[in-house]
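Okay, so here's the structure we're looking at.
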Amino acid sequence: MPDGWTKSSLIDIADYLNGLAMQKYRPTDDEIGIPVLKIKELRQGMCDLSSDQCSPSIKTEYIVHDGDVIFSWSGSLLVDFWCGGTCGLNQHLFKVTSEKYDKWFYYAWTKHHLDRFVAVAADKATTMGHIKRDELSKAEVLIPNKDDYQRIGNLLQPIYDLLISNRIENKKLAQTRDVLLPKLMSGEIDVSDVEI
């Protein structure tokens, strides 16, 4: 191991917050609900009209924003940056954060261990495979010395930032397309005189 590097575990470098059973947190009659982030939404990268709604008054730590790291620990195991807008974190999903380490670091290490987690979940699968929090404490992490941490972060963070901003931009472009295309097709908007 390089000089100044130490060994730790996933549970020591980040907080893995399990979501809520959102069926208990429906919006009240006077609230405008927010979509619920479930495994289906994480897989498709967005919420849609079929997504459940929850109260926007849930504790702030259970509200997911663009760029948050989400780890599905049950069923379809995956870890990704959420870029589908503000929503509520459902059970079977971890919102991964850290007060000590940068996003690139805990995302990369969680992703590194994903194949092993999938294998563990497959071995335990009776109906739906999952991993337990104990597996996070068994997942070894190497913590670089300060200079190496900075150097690696300078390489990875811009890549992840660009990935997140591109996904958010793609979402906005798709929404614009979905608004304009029906108007173009119906003739409500005429672009025949537009010069390219």
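Looking only at residues of the range 1-34 that are free of Cβ contacts under 8 Å to residues at least 60 places away in the same chain and part of a loop (DSSP other than H, G, I, E, B), we find that the one that is nearest to Asp148 (Cα to Cα) is Gly33. If you scan the range 87-120, which residues turn out to be closer than 19 Å to Lys7 by Cβ and of a type in the set (S, T, N, Q)? Within the range 87-120, Ser98, Thr110 meet the criteria. Listed by first and then second residue, the pairs linking a residue in the range 51-63 that is of a type in the set (Asp, Glu) to a residue that is part of a helix (DSSP H, G or I) and surrounded by fewer than 18 Cβ atoms within 10 Å (Cβ to Cβ), with Cβ atoms under 8 Å apart and 6 or more places separating them unless they lie on different chains, are Asp52/Gln23.
Of the residues making up the range 13-36, those that are touching a strand residue (DSSP E or B) at 6+ places or on another chain (Cβ under 7 Å) and of a type in the set (D, E, K, R) are Asp15, Arg26. Residue-level check: of (1) at pLDDT 95 or above; (2) more than 16 Å from the chain's Cα centre (by Cα); (3) of a type outside the set (Gly, Ala, Ser); (4) closer than 27 Å to Ser51 by Cβ, Asn154 misses just (4).
Among the residues making up the range 9-56, a single one is aromatic (Phe, Trp, Tyr) and within 18 Å of Trp82 (Cα to Cα): Tyr16.
Screening Lys171 with (1) under 24 Å from Gly84 (Cβ atoms); (2) basic (Lys, Arg); (3) loosely packed, with under 11 Cβ neighbours inside 10 Å gives one miss only, at (3).
When residues in the range 15-53 are screened for being over 16 Å from the mean Cα position of the chain (by Cα) and over 20 Å from Gln175 (Cβ atoms), 12 of them pass.
The values are calculated or read from the model by the stated rules, or taken from the named source; none is laboratory data. None of the values given here were measured: they were computed from a predicted structure. Neighbour counts run over all protein chains shown; Cβ positions are idealised from the backbone, glycine included.
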